[in-house]
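Peer 1: Below is the structure I would like to discuss, written out as structure tokens.
Each value in this text was obtained by applying a stated rule to the coordinates, not by laboratory testing. Just so it is clear, the model here is predicted, and its values are computed rather than measured. Note: ideal-geometry Cβ built from the backbone for every residue, glycine included; neighbour counts use all protein chains shown.
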Amino acid sequence: MHIQQITMLGHKDHGKSTLIGSLLMSTGSATDERIADAKSTSKKLGRQFEPAFILDAFSEEREGGLTIDTARAQIKYRGKAFELIDVPGHDELIKNMLSGASYATTAVLVVSAAKDEGIKPQTKRHLFLAKMLGIRHFVVAVNKMDTVGYSQNDYEMIKNDIAAYLDGIGVHSQSVNFVPISAYKSENIISKSGNMHWYRGKPLMELLLTCHTKNFTGKMPLRAIIQGTLETESGMAYTAKVLSGTIEAGSSIRILPLNKKATVKRLYVKGREARSAKAEENIAINVSQDMGNMRGAVISSTNMTKSANAISTMLFFVKPVGGSAELRFNGNSTKAKISLDKVIDTVTGKPKNTQKPKALDAAECIIRLEKKVAVEEFSSFRDLGRFVVYSSGKFAGIGVVEKVLG
């Protein structure tokens, strides 16, 4: 069964974890033991039952009311499977948000309608990052409607502000779904709430069903990343992860950025010899010639994969980076020189009048690499179109390839 990944976005305390807990209970995906544990913890802390405790794994999270790491929960609804990825909603843990969002195609943005909460800078920053990282479907859940008397006016104000921001960063708001909810009371989650009769749309889970798409990577050209080597009964083999398409024993393969060809002599899947392997499978292959250390090299059958030493990119900075940095692509690392074109404020979505990006800014850049790497444009294949930026040995940001220049 294909599992649709959904990233839960939003500012801290706006109810992401509570919503996931409610979804786990409403869909029958939470065990009786986990619900009992959440109720027990709520009682020990002197609180009413808190659905978020079904998700949180760490006592310090429960006691502080703060999600400190990326957590995942799976639910099933009407024969479809979803993996909900809860990511931190505050600046200090933006790295975790990036790793949590990077593989999903759908995002649920949770915005609190409660007094003195509403839309925060981090709310919009999460939308900017999600769009940058290739999220195609957005559902905006306006939460805590019970705290404002289920006011349609409060809901419409938040909806209009978010829609205007999405239009400004190039996401057509007409294709974005909005839904007013109370995660704590499970209203408009599975069935429509009588307290919000003015809302004419579908409840949250029905909206997520419309975003559920099949995984078509098996029908795409072959792409696989070489991860290392191991010894087999037939000699040294290269291990790899198949990203798309299929690979067959006896076939000719092209390896980038080496720009070499080889023949697959033997193919192994799960330790057993096989005739072929498909997307998402881990493999080992004996090839017709020893090519040395190829960690990070890409097996590809499409001309969209290129050996590049210059790329046009969009970067998001966790910390300021000078003109030089280290870029890491799928196990390959190389030094790079970054030339800034335009610095972007990720809260407003608009260019800044500066050439010195600060932490949490984005920038359009030209990057020249010290050595060639195998890449694709992010818009054509996400796995080969993104990279991580390090500066002085520390994580500094993330980037996507907008265009291969040479």
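Peer 1: I want to check the label-to-label distance for Lys202 and Ala36. Put each point 7 Å from Cα in the C-beta direction and report it in nm to one decimal.
Peer 2: 3.6
Peer 1: For Ser307 and Ile3, compute 0.36 nm times the residue count separating them, minus their Cα-Cα distance, and round to one decimal in nm.
Peer 2: Using 0.36 nm per residue and subtracting the Cα-Cα distance, I get 106.2 nm.
Peer 1: Another question about this same structure. Around Pro180, what is the net charge, scoring Lys/Arg as +1 and Asp/Glu as -1 over all other residues with Cβ under 15 Å from its Cβ?
Peer 2: Spelling it out: positives minus negatives among the neighbours equals -1.
Peer 1: Could you list which residues have their amide H under 5 Å from that of Lys342, counting only those 5 or more apart in sequence or on another chain, with H placed in the peptide plane?
Peer 2: Glu364
Peer 1: Distance from a point 7 Å along Cα→Cβ of Ser380 to each backbone N in region 305-342: keep the residues under 18 Å and list them by number.
Peer 2: 305-314, 330
Peer 1: Out of all DSSP beta bridges with both ends in the chain, state the antiparallel percent to the nearest 5.
Peer 2: Roughly 80 percent of the DSSP beta bridges within the chain come out antiparallel.
Peer 1: Taking 0.36 nm per intervening residue step and subtracting the Cα-Cα distance, what contour gain separates Ser392 from Gln174 on full extension?
Peer 2: Additional length available on full extension: 74.2 nm.
Peer 1: Now, a different point. State, to one decimal in nm, how far the label point of Glu156 lies from the label point of Leu340, with both points 7 Å from Cα in the Cβ direction.
Peer 2: 4.2
Peer 1: Please list 3J(HN,Hα) in residue order for region 318-334, calculated via the Karplus relation 6.51 cos²θ - 1.76 cosθ + 1.60 where θ = phi - 60°; whole Hz, with x for glycine and proline.
Peer 2: 7, 9, x, 10, x, x, 10, 7, 10, 10, 10, 10, 6, x, 9, 10, 8
Peer 1: Please go through the residue pairs Lys337/Lys372; Lys306/Lys350; Lys76/Lys124; Lys356/Lys403 and name each one whose alpha carbons sit more than 25 Å apart in this structure.
Peer 2: Going by Cα-Cα distance, Lys306/Lys350; Lys76/Lys124 fall outside the 25 Å limit.
Peer 1: Still on this model: What list of ³J(HN,Hα) couplings, whole Hz, do you get for region 389-403 from phi and the Karplus terms 6.51, -1.76, 1.60, once you set θ to phi - 60° and write x for glycine and proline?
Peer 2: Whole-Hz 3J(HN,Hα) from phi for region 389-403: 10, 10, 9, 6, x, 10, 4, 10, x, 9, x, 10, 7, 8, 7.
Peer 1: Cα atoms only: what Rg and Dmax, in Å, come out for the chain?
Peer 2: Cα-based Rg and Dmax for the chain come out at 23.1, 71 Å.
Peer 1: Provide the net charge surrounding Leu133, with neighbours chosen by a C-beta distance below 11 Å and charges set as Lys +1, Arg +1, Asp -1, Glu -1.
Peer 2: Value of the local net charge: +4.
Peer 1: Relative contact order (percent) for the chain, with alpha-carbon contacts under 8 angstrom and 6 or more residues of separation?
Peer 2: Relative contact order comes out at 12 percent.
Peer 1: So how much slack lies between Thr348 and Met236, counting 0.36 nm per residue of separation and subtracting their Cα-Cα distance, in nm?
Peer 2: 35.0 nm
Peer 1: From the phi angles alone, apply the Karplus equation (6.51, -1.76, 1.60; θ = phi - 60°) to region 336-353 and give each ³J(HN,Hα) in whole Hz, x where the residue is Gly or Pro.
Peer 2: 8, 10, 9, 10, 7, 10, 9, 8, 10, 7, 6, 8, 8, x, 10, x, 9, 8
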